[in-house]
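Remarks on the structure that follows.
Every read-out reported here was derived from the displayed coordinates using simple, explicitly stated rules and does not represent laboratory data. No experiment lies behind these values; they were computed from the predicted model shown. All Cβ positions, even for glycine, are placed from backbone atoms using ideal geometry, and neighbour counts span all protein chains on display.
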Amino acid sequence: MVILHHTAMQDCAAAVARLCAPEFEVSAHYVIAENGEIIQLVDEAMRAWHAGAGAWGAITDLNSHSIGIELANPGPLAGFPPFPAPQMAALEDLLTGLMTRHNIPAQNIIAHSDMAPTRKFDPGAKFDWRRLALGGLSVWPNTISAPDSDFTADAQRFGYCLPESGAKGEAQVLAAFRLRFRPGAIGPTDATDRAMIHDLATRFPVDRAASRP
Ligand SMILES: [Zn+2]
């Protein structure tokens, strides 16, 4: 898998320094600067500490199953600025190579917020997932009406895991889904949410047996 992050630090140099400082116990395979420069910090064959607690499908140790890419972006420190074009182009080049080298399908390129809905909100609402999907580097739903579908069941079929049981967990997954696929949507689950996740779950069901590193 590949997990996308934003650094939420003032600049790229500060983020690289943090990711290389042992006392912080965080790392990532790659950092991409706003100008498109790609900085590799960890060999792709090695485990980096970028994902933390969370789950996707059957995988509960995401650090052992994923490449982590940090996009330099101050996020909440600067009002969530957009991701510049050179940075997006560099990300697309990097993802194309990673997917080829490691045989990673497009649906396995996910957000940190997807696998840790209660803790993490990156890369955030400004990140252009549709653009990646148009290039075959992630997935995007078709909105086909699915009036009788169950949002939470479909979200789990796609890969989301409920952080806790019941209505609270369902709301946490809905928020993570909307952050990536419907930024700005509010209120209870509606027909558009159900249609979008039903399409994703139908076309890209997660492999619930794929938990081996
Ligand atoms: Zn993150």
Open item on the list: Only Cα pairs within less than 10 Å get springs; with that Gaussian network setup on the chain, which residue of SER66, SER165, SER138 has the largest fluctuation?
Closed with: SER165
Task: Rounded to 5, percent antiparallel among DSSP beta bridges of the chain - done: 25 percent
- [ ] Quick one: among MET99, MET46, MET115, which has the greatest mean-square fluctuation in a GNM of the chain with alpha-carbon springs under 10 angstrom?
- [x] MET46
TODO: Using a 10 angstrom cutoff on alpha carbons, build the Gaussian network for the chain and name the most mobile of ALA155, ALA28, ALA58.
DONE: ALA58
TODO: Quick one: grab the alpha carbon gyration tensor of the chain, order the square roots of its eigenvalues as a ≥ b ≥ c, and give me rounded if a/c is under 1.5, else prolate or oblate depending on whether a/b is larger than b/c.
DONE: prolate
Open item on the list: With angles folded into 0 to 90 degrees, how steeply does helix 166-181 sit against the dominant principal axis of the chain? Use alpha carbons for both and round to 10.
Closed with: 60 degrees
Task: the chain: calculated mean residue ellipticity at 222 nm from DSSP helix runs of at least 4, using -39500 (n - 2.57) - done: -10000 deg cm²/dmol
- [ ] Add +1 for every Lys or Arg and -1 for every Asp or Glu among the other residues with Cβ under 14 Å from the Cβ of PRO84, and state the total.
- [x] -3
TODO: Express in whole angstrom the spacing between the alpha-carbon centres of region 1-54 and region 149-213.
DONE: 27 Å
- [ ] Quote the charge dipole size of region 2-134 about the Cα centre in Debye, to the nearest 20; the model charges only the Cβ of Lys and Arg (+1) and of Asp and Glu (-1).
- [x] 320 debye
